[in-house]
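**Q** Input: one structure, supplied below.
The values are calculated or read from the model by the stated rules, or taken from the named source; none is laboratory data. Note that the structure is a prediction, hence the values are computed from the model and not measured. Here the Cβ positions follow ideal geometry from the backbone for every residue, glycine too, while neighbour counts run over all protein chains shown. Protein only, heavy atoms only, side chains kept; ligands, DNA and RNA dropped before computing areas. Shrake-Rupley method; radii C 1.70, N 1.55, O 1.52, S 1.80 Å.
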Amino acid sequence: MVTGSLFFQSLVLGILLGGLYALLAAGLTLYFGVMRVVMIAHAAFLVLAAYLAWDVHQRFGIDPLLSLIVTVPLFFLAGVGFQRLLISRLRPATVTMMSVLLTFAVALVIEGMLGFVYSGTQRRVQLSYSAASIQVFGAQVAVVKLIAFGLAALSLLALFLLLTRSRFGQALRATIQHPQAARLIGIDTDKVAGYGFGLGLATAAVGGAALSLDSTIYPSLHWHWIGPLMAIIVVGGLGSIPGAAIAAMVLGIMQSLLQLPMGTTWAQTVFYLALFATLLVRPQGFFGGRLAQRF
Amino acid sequence: MNARTALRLGCLAGVSALVLTACSGGGETGGGNPSEPIRVGISLPLTGDFSEPGKGVQRGYEAWAAAVNSTGGLLGRQVELRILDDQSNADRVVADYEQLIAQDQVDLVFGPFSTRLVVPSGRVAKEYGMLFVEPAGAAAQVFEQGFDNLFYAAPAVANDHYNHLAEAITAMPEGERPRTAAYAAMDDPFAQGTAYGLKEKLEAAGVQTVVDLVYPPNTTDFSGIAAQIANSQADVMVGGTQYQDAVNMIVALRQLGYQPKLAAFSTAPTNPEFPNAIGGATEGIVSPTGYTPEAPYPSNVDFVQRYTAQFGSPPTEDEANAYTTGQVVAAAVQAVGCAEQGDCQQRLVDWLRTATVDTVVGPLNWDAQGRPQSAHLIQQYVDGQIRIVLPKETAEAEFTYPKAPW
């Protein structure tokens with residue numbers, strides 16, 4: 001029976017889940033916006049970052065969030081290198097399709113490497129506050145979920161400010177809106193694309209650390225994430241960060257609430273139903289088009 | 001294929017009891033040459049969703065092969081394992097066994113891990129007329145496929161795992177007995193089988209089901225499931241689980257402040273990583289198990305010693321079931337006196353139908369569909385240690401109800 005308190009509890013959980021989805025999907029939509037790259041390996045990088053957070057905690061006993069000091073710059077550099085060395089070599093005419101194959105291969109390499117280094121054993125970061133929760137209007141809010149949500153909100157805000165307030169952000173948006181015009185006014189679009197990719201991967205570093213706080217991680221976990229994340233960015237409008245954030249929130253809440261009447265299996269299909277509906281009704285996504293270019 | 005079978009049949013017809021040495025000219029199958037090893041083909045989920053238990057099964061098989069080889073092998077021949085990785089994928093497991101049997105011409109096959117992989121691979125084994133002893137297909141549907149070559153190498157099928165617990169609950173005085181129960185099971189035949197076996201018995205005893213949820217194996221977020229269970233405030237929480245889902249669910253339940261009087265989860269609690277993964281809040285958690293390293297069966301004492309020396313820690317259930325598989329097949333091979341493809345396989349099957357085999361999980365015998373005819377033990381975390389609490393005859397500690405808060 002669905003009582004008022006269960007509904008409210010599920011709503012709160014849905015909002016927290018939506019926040020995490022928004023953070024994890026932000027990078028994915030950025031790659032597509034900047035370079036028309038479908039980055040299948042994004043979730044694999046998330047899991048990689050989660051493993052690094054776990055490793056740092058395991059080895060040094062420090063909070064996994066501190067791993068961000070190292071992983072964010074590291075992932076940014078890796079992203080720039082990835083774009084310069086691999087993505088930029090793809091022919092512009094077929095980059096979207098070929099990037100699927102290329103990044104699929106990268107995902108497999110990361111999964112294999114994680115299995116080799118850390119074994120297939122499932123790992124979980126064990127914190128003194130793992131099971132702690134606070135009460136908000138009668139709903140229990142787990143501290144780790146709140147931290148992950150806060151991290152997501154901060155990262156998205158930082159990303160938004162960077163894109164709207166800095167010269168690099170302007171150059172990146174110009175590159176997204178009209179690459180040729182951007183080149184004409186003197187923007188080095190190749191360099192910008194590299195930094196854009198780095199930025200996307202840096203969000204994966206943050207997302208991975210957030211994920212590690214409240215998930216059991218194992219090398220093949222990324223396959224369970226990439227599907228819903230892809231659905232989110234299509235629904236949100238490829239390339240639109242606010243679109244991805246709104247779609248993530250809406251789908252996260254829907255997933256959480258639909259579990260009550262329909263059960264988990266059907267609630268999970270909400271992503272794919274939303275994906276089909278979007279492709280049928282509005283292929284550019286609900287927040288794509290003009291909004292995508294405004295950020 | 002036909003020519004090869006005919007050759008082997010001719011060979012068998014031509015000799016009496018010492019078939020193996022007589023068949024030394026049996027071609028590339030290695031069907032009995034004492035200088036050639038007996039090759040055992042296995043496909044295991046070494047990567048993917050089941051890699052954790054899959055690797056446990058691999059260690060169990062390796063421990064068995066090492067033990068057999070150190071005592072002179074099977075029928076005087078060394079044993080050689082050929083293990084392929086099916087990536088937890090049902091299509092791959094079929095291709096793997098096809099390759100092992102038809103191309104690689106292994107002498108024997110052992111089963112993979114998980115019901116979802118055992119059923120398709122069992123079909124391949126049946127098609128080729130191979131004996132198929134398996135360590136991990138415990139769900140009811142495994143035994144409803146019409147396999148006449150399959151044997152499950154553990155004490156009991158999934159639906160009977162909680163029998164001793166159900167008996168203990170039913171035997172409680174009316175006032176103390178739990179009134180409500182919540183069930184959450186992975187959409188997996190084994191995991192569901194364990195939970196629903198108990199559900200059936202508790203419902204019959206008047207324990208009302210207040211939550212009954214099934215979630216897909218790729219579920220990553222358990223907070224929604226936990227919210228429904230916590231809201232029900234059920235006395236009993238039963239998880240039909242594998243490893244990571246049990247861990248995620250327990251943490252999510254704790255985050256919501258839910259305190260059941262009895263919490264039972266299949267598979268995960270017997271995993272050595274489990275206490276660390278849930279932050280040590282294990283007290284009172286119950287789990288069925290087909291194996292304990294402390295069991296006094298003679299071959300188990302030897303197994304635990306050897307295994308610990310080989311891998312540095314005592315074996316768990318996955319390793320033990322794999323080792324048991326080896327013991328069951330070895331007993332048949334020794335009794336019948338052959339181990340190759342063809343007619344020999346049917347003789348191995350026929351022998352096992354009526355046999356009782358002493359293993360590390362106790363003496364095993366099977367019904368016509370391959371269901372083992374024993375029972376699972378019930379373990380519970382008592383003072384931080386996992387102890388057998390039911391049935392009373394083999395208990396190492398007292399069954400605690402209600403459990404301490406987690």
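**Q** Considering only protein heavy atoms, with the full assembly of protein chains and a 1.4 angstrom probe, order A:VAL281, B:VAL304 by accessible area, largest first.
**A** Largest accessible area first, the list is A:VAL281, B:VAL304.
**Q** Roughly how much of B:ASP212 is accessible, in Å² to the nearest 10, using a 1.4 Å probe?
**A** 70
**Q** If the elastic network links every pair of Cα atoms under 10 Å, which of B:ASN321, B:ASN218, B:ASN69 fluctuates the most in the Gaussian network model of chain B?
**A** Checking each option, the largest mean-square fluctuation is seen for B:ASN218.
**Q** Say R0 is 22 Å: what FRET efficiency, to the nearest 0.05, do B:LYS261 and A:LEU11 get from their beta-carbon distance?
**A** That pair, B:LYS261 with A:LEU11, gives E of 0.15.
**Q** What is the antiparallel percent of DSSP beta bridges lying wholly in chain B, to the nearest 5?
**A** Approximately 30 percent, going by the DSSP bridge assignments.
**Q** Something else: For the residue pair A:ARG282 and A:SER119, what label-to-label distance in nm results when each label sits 7 Å from Cα along the Cα-to-beta-carbon direction?
**A** Rounded to a tenth, the inter-label distance reads 5.0 nm.
**Q** Please list, ordered by chain and number, the residues whose modelled amide H lies under 5 Å from the amide H of B:ALA263; skip anything fewer than 5 residues away on the same chain.
**A** It is B:MET237, B:VAL286, by chain and number.
**Q** May I pose another question? Given a Förster radius of 30 Å and the C-beta distance between A:LEU85 and A:ARG167 as r, what FRET efficiency does 1/(1 + (r/R0)^6) yield to the nearest 0.05?
**A** Efficiency, from the Cβ-Cβ distance: 0.70.
**Q** Still on this model: If R₀ is 35 angstrom, what is the calculated FRET efficiency for the pair B:THR356 and B:GLN305, using the beta carbon separation as r and rounding to 0.05?
**A** Efficiency, from the Cβ-Cβ distance: 0.90.
**Q** Here is a further query. Residues with beta-carbon under 14 Å from that of B:GLU176, excluding B:GLU176: net charge, scoring Lys, Arg +1 and Asp, Glu -1?
**A** Within the 14 Å Cβ shell, the charges total +2.
**Q** Turning to a different aspect of this structure: Counting Lys +1, Arg +1, Asp -1, Glu -1, what net charge surrounds B:GLY370 among other residues with beta carbon under 12 Å of its beta carbon?
**A** -1
**Q** Turning to a different aspect of this structure: Run the 1.4 Å probe and let me know the accessible area of A:SER166, rounded to the nearest 10 Å².
**A** Probe radius 1.4 Å; accessible area of A:SER166 about 30 Å².
**Q** Moving on. Compute, for B:LEU117, the solvent-accessible surface of its heavy atoms (probe 1.4 Å) with the complete set of protein chains present, and express it in square angstrom to the nearest 10.
**A** Counting only protein heavy atoms, the figure is 0 Å².
**Q** Continuing with the same structure: What size of dipole, in debye to the nearest 20, comes out for the stretch B:74-206 about its Cα centre when the only charges are +1 on Lys and Arg C-beta atoms and -1 on Asp and Glu C-beta atoms?
**A** I would put it at about 220 debye.
**Q** I've got another one for you. By how many degrees, between 0 and 90 and to the nearest 10, does the Cα long axis of helix B:298-311 differ from the longest principal axis of chain B?
**A** The answer is roughly 90 degrees.
**Q** Also, quick follow-up: Where does the charge balance sit around A:GLY115 when Lys and Arg score +1, Asp and Glu -1, over other residues with C-beta under 13 Å from its C-beta?
**A** Summing Lys and Arg as +1 and Asp and Glu as -1 gives -2.
**Q** Here's another thing I want to ask about it. Report for the protein assembly as shown the percent antiparallel among DSSP-assigned beta bridges with both residues inside it, nearest 5.
**A** Antiparallel bridges make up about 40 percent of those DSSP assigns within the protein assembly as shown.
**Q** A follow-up question, please. In terms of Cα to Cα distance under 24 Å, which lysines are near enough to B:LYS392, apart from those fewer than 8 places away along the same chain?
**A** Output for B:LYS392: B:LYS199, B:LYS201, B:LYS261, B:LYS403.
**Q** Just going by the charge dipole of chain A, with Lys and Arg at +1 and Asp and Glu at -1 on Cβ, which of A:LEU17, A:ILE217, A:VAL281 is farthest out on the positive end?
**A** Toward the positive end, the furthest listed residue is A:VAL281.
**Q** Does the protein assembly as shown come out rounded, prolate or oblate, given a ≥ b ≥ c as the square roots of the eigenvalues of its C-alpha gyration tensor, rounded meaning a/c under 1.5 and, failing that, prolate meaning a/b above b/c?
**A** It comes out oblate by the Cα gyration axes.
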